[in-house]
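*Asks:* One structure, pasted below without further comment.
The values are calculated or read from the model by the stated rules, or taken from the named source; none is laboratory data. Model, not experiment: these values are computed from the prediction. With ideal geometry, Cβ positions are generated from the backbone for all residues, glycine too; neighbour counts draw on all protein chains shown. Areas reflect the complete protein model, heavy atoms only, side chains present, ligands, DNA and RNA absent. Shrake-Rupley method; radii C 1.70, N 1.55, O 1.52, S 1.80 Å.
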Amino acid sequence: MKLFKMLVALFKSVYFNFKVFPIKTAIKLPVIVSHNIKLYNLHAQTVLIESQPTFGMIKFGWSQGSTGISGRSEACKWSVDKNSKVIFKGRANLANGISVRCDNGGTIVFGENFICNSNCFFASNKRIEFGKDVLIGWNTNIRDVDGHKVYNANEREGNILNPPKEIIIGSNVWVAAHVDILKGVIIGDGCVVAYRACVTRRFDEKNCIIGGFPAEVIKTNICWER
């Protein structure tokens with residue numbers, strides 16, 4: 001069974017790379033996907049690597065995440081429409097059960113040395129950008145769009161009350177488990193987002209702990225290590 005899963009993963013990885021990259025990049029197999037990834041929407045030139053591509057520099061679904069996580073990891077899901085982009089600035093490791101979805105011209109930028117634990121959801125209709133050395137805990141949702149449009153009842157035509165807004169997460173940021181980060185959020189460099197926080201606004205402060213529902217700064221002048 002293990003050999004079968006590896007063969008399926010190899011086939012899907014070859015398919016993924018040659019579908020989204022030019023041949024010179026694809027033959028290096030920079031993206032290695034797991035056997036159970038579900039590729040709902042895969043188009044050419046929707047994935048970019050802004051560094052020297054090397055074999056397996058981006059792993060999607062190979063890690064099971066941290067030991068002792070409650071709940072079963074589901075299959076990874078990938079859906080990026082032909083007008084959208086996913087950009088990798090370097091190495092990235094996304095664990096099992098992660099969903100990446102970009103619609104309507106949305107863009108997700110993963111910075112160098114991005115690490116994400118299992119069962120997370122990223123959804124963009126605008127732009128989500130991660131800096132360098134970002135660490136994401138399990139069961140975290142980050143989305144720059146509400147999912148459904150809300151209109152003024154008297155002026156529905158062209159009057160959307162809840163448009164998508166970009167999310168910017170700085171470098172060396174640790175987002176703990178069960179966190180929700182919603183549209184319009186900015187998180188400064190060196191920050192920690194505490195367990196089960198719901199972040200709904202921008203935080204320009206650096207090196208602080210952000211926590212609560214809704215999230216506020218709860219401690220300043222901190223540093224953290226992996």
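*Asks:* Output the qualifying pairs, or none if there are none: Cβ atoms under 9 angstrom, residues six or more apart or on different chains, first residue in segment 1-19 and in a helix (DSSP H, G or I), second residue open to solvent by 100 Å² or more (accessible area, probe 1.4 Å).
*Replies:* A9/W62; N17/I27; F18/I27
*Asks:* Can we say K132 is closer than 23 Å to N93 by Cβ, open to solvent by 40 Å² or more (accessible area, probe 1.4 Å) and over 11 Å from the mean Cα position of the chain (by Cα)?
*Replies:* Considered against the rule, which asks whether it is closer than 23 Å to N93 by Cβ, open to solvent by 40 Å² or more (accessible area, probe 1.4 Å) and over 11 Å from the mean Cα position of the chain (by Cα), K132 comes out as yes.
*Asks:* Name, by its number, the condition in (1) in a loop (DSSP other than H, G, I, E, B); (2) closer than 23 Å to V192 by Cβ that does not hold for K149.
*Replies:* (2)
*Asks:* With respect to the numbered conditions (1) open to solvent by 40 Å² or more (accessible area, probe 1.4 Å); (2) over 26 Å from C191 (Cα atoms); (3) not acidic (D, E), which one is the sole condition not fulfilled by S84?
*Replies:* (1) is the only condition that S84 fails.
*Asks:* Also, I was wondering about something else. Looking at segment 130-159 only, could you name the residues that are among the basic types (K, R) and within 28 Å of Q64 (Cβ to Cβ)?
*Replies:* Those that are among the basic types (K, R) and within 28 Å of Q64 (Cβ to Cβ): K132, R143.
*Asks:* Right, here's the next one. Of the residues that sit in segment 130-146 and are assigned to a loop (DSSP other than H, G, I, E, B) and charged (D, E, K, R), which one is farthest from G105 (Cα to Cα)?
*Replies:* Ranking the candidates gives D133 first.
*Asks:* Moving on to the next point. For segment 27-121, list the strands (runs of 3 or more DSSP E) that sit wholly inside it and hold at least 1 residues that are under 11 Å from the mean Cα position of the chain (by Cα) and not aromatic (F, W, Y); which are they?
*Replies:* Details: elements: 31-33, 38-41, 47-49, 58-60, 77-80, 85-88, 92-94, 99-102, 107-110, 114-116.
Because the criterion is at least 1 residues that are under 11 Å from the mean Cα position of the chain (by Cα) and not aromatic (F, W, Y), the strands (runs of 3 or more DSSP E) in segment 27-121 that meet it are 85-88, 92-94, 99-102, 107-110, 114-116.
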